[in-house]
Amino acid sequence: MRDGFPDFRLGSVLATSFTGTLSERHGNAVERIPTPQRLVDWLTVNGLAVDSCTPAQLDLARELRESIHAAATAAAIHDPLPSSAVQVINDRSAQGRAAAILTPEGKRQWRLSSASRVEDALGVIAADAISIIAGERDGKLALCASPTCRAAFFDTSQSRTRRWCDMNTCGNRQKKARFHAKQRNPGSAE
């Protein structure tokens, strides 16, 4: 924990990593961007550095996060996408002004129109969400098997059978629970 805030759960997919800024949604929720500065920190860690963030911009970010989570959850379970979530994602995507640039190392990097425009960074996140929800990328949307988490994640494993949003947290917690249950009931079968 840095500065008294929970650590970020970073993943390789921008949009689902962003939804992970609120974890344990069905348990004791953990808000990882409780302040505008923490959103600035998260954006910086994810290559979308901005100078500052207002409380209103933090509200826009949280609205986008929850909309991505709702749409990704619906897509993962093959339900219709919630129209209000689709509208928010589309609005944030259209309002952002960012350009993909190629670095000398051959990597894609985002250049925001202004270092202080959180809306530009949110546009990049929304565009990433669109690409995974629309099925344009190699992988599949899934939900964490942890009953307290149920985070949407993008499974790019070869078999597409990943069960946990993060093996180091949810997966290990479930493994420990099974281990302790076996210790309490040594004669029980799995």
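The values are calculated or read from the model by the stated rules, or taken from the named source; none is laboratory data. On a predicted model such as this, the values are computed, not experimentally measured, just so you know. As a convention, Cβ positions derive from the backbone with ideal geometry for all residues, glycine included, and neighbour counts pool all protein chains shown. Just so you know, the surface numbers come from the protein's heavy atoms only, side chains and all, with ligands and any DNA or RNA stripped out. Shrake-Rupley method; radii C 1.70, N 1.55, O 1.52, S 1.80 Å.
Of note:
- Residues located in region 131-163, provided they are open to solvent by 60 Å² or more (accessible area, probe 1.4 Å), closer than 29 Å to A94 by Cα and more than 13 Å from the chain's Cα centre (by Cα): A134, E136, R137, D138, K140, T156
- Candidate set: region 26-41, residues that are of a type in the set (S, T, N, Q) and in a loop (DSSP other than H, G, I, E, B); chosen: the one least open to solvent (accessible area, probe 1.4 Å): T35
- Boolean, S23 is under 24 Å from R150 (Cβ atoms) and either modelled with pLDDT of 90 or more or surrounded by 15 or more Cβ atoms within 10 Å (Cβ to Cβ) (or both): yes
- Residue check, Q109 at pLDDT below 90, more than 20 Å from F8 (Cα to Cα) and not hydroxyl-bearing (S, T, Y): yes
- Leading residue by the ranking (surrounded by the fewest Cβ atoms within 10 Å (Cβ to Cβ)) among those in region 97-122 that are small (G, A, S) and more than 20 Å from R38 (Cβ to Cβ): G106
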